[in-house]
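The values are calculated or read from the model by the stated rules, or taken from the named source; none is laboratory data. Please read all numbers here as calculations on a predicted model, not as lab measurements. Positions of Cβ are backbone-derived with ideal geometry, glycine not excepted, and every protein chain shown enters the neighbour counts. Protein only, heavy atoms only, side chains kept; ligands, DNA and RNA dropped before computing areas. Shrake-Rupley method; radii C 1.70, N 1.55, O 1.52, S 1.80 Å.
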Amino acid sequence: MNRIFPLPLSVPPSPSLCPSFPPSLSPGCALMADFRDSSRFQAVDLSSAAGNGNGNGNVSGNGNGSEQGRADGGSDTFAETDSAPPSPTLMDYKLRKFFVLRPGTFDQALADIKAQINQQDDGALQSTWLLAEVDHWNNEKERIVLICEKSLLICKYDFMVLTYQYCRRVPLNYIDKVYYGEFTFPERSMTSRRDGKGVRLHWDKLREASFISRWNPWSEEIPYTTFAEHPAINATERFTSLCKLENFKAALASAVQKAYQQDPVPGRANGAIVLDRPVTIDAYVGVISMINNQNRLGYSLARGSVGF
């Protein structure tokens, strides 16, 4: 079927307005002359044009036009060619609650903590890690760990309000034992068991923890600390490398050996002992750690609103 599209018509000016002016001097007269030219009107046969055309216009017989695509049932410009994104899993919803995973949060934390590094006491920064510190009562705490040239910095940072709180400094040439292995507990322990592996660092081997310190869950006089992998280890590739415990153990052992060579301590062996052996947590009463670990109280976590 032929489709006729007449060209738009303009209302001609009155001939009395330009009786003696040539068309070149009067725009209105030129427009009136064009209006009187019957050759301006054309009837276009779209069906024949579509059958003979080979171009890429909107209407074409063999081209890429949208009319031909819809007539042949082909794919349209806005056709759904991409597959739908995968549905988030339950683990994805849980990981979204960690403030450290929000864009820019970890980078801001590193910038705040790097400002606390003392070049004279700590030396140059070598590597950065995001781990979970496990105290002697089996309580997890979110920590940023920095391995420097001379010391190990164990830092607490509030990711919710982006605030640096404190850092504990451990000289690398004072670390004498590094253990890496599965977590174990005493036979009569009533605390909840912990899966996975851990890294334990011992320093100041000449001083043992007192009885009062071992039974005080908030004591900071324990001459060792233990690390486990952060729950966000599988969030992204970047956090996988930041939370990998085995890589942390290797980097720490190398840094300790270098620190012993550069600044040996009198009366100590040349280097730390690095062993693959179980990491024992001497915790017997597990009420506090069960409440703390199940509710992730040691992490900066979005916990939702609380109301009545």
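Applying the selection to region 218-256, what residues are of a type in the set (Phe, Trp, Tyr) and under 25 Å from the mean Cα position of the chain (by Cα)? The answer is 227, 239, 248.
Restricting to region 253-307, give me the number of residues that are among the hydroxyl-bearing types (Ser, Thr, Tyr), in a loop (DSSP other than H, G, I, E, B) and modelled with pLDDT under 85.
2
Going by what's in this entry, would residue 108 be described as open to solvent by 30 Å² or more (accessible area, probe 1.4 Å), in contact (Cβ under 8 Å) with a residue 24 or more places away in the chain and within 24 Å of the chain's Cα centre (by Cα)?
Here the answer is yes, as residue 108 does meet what is asked.
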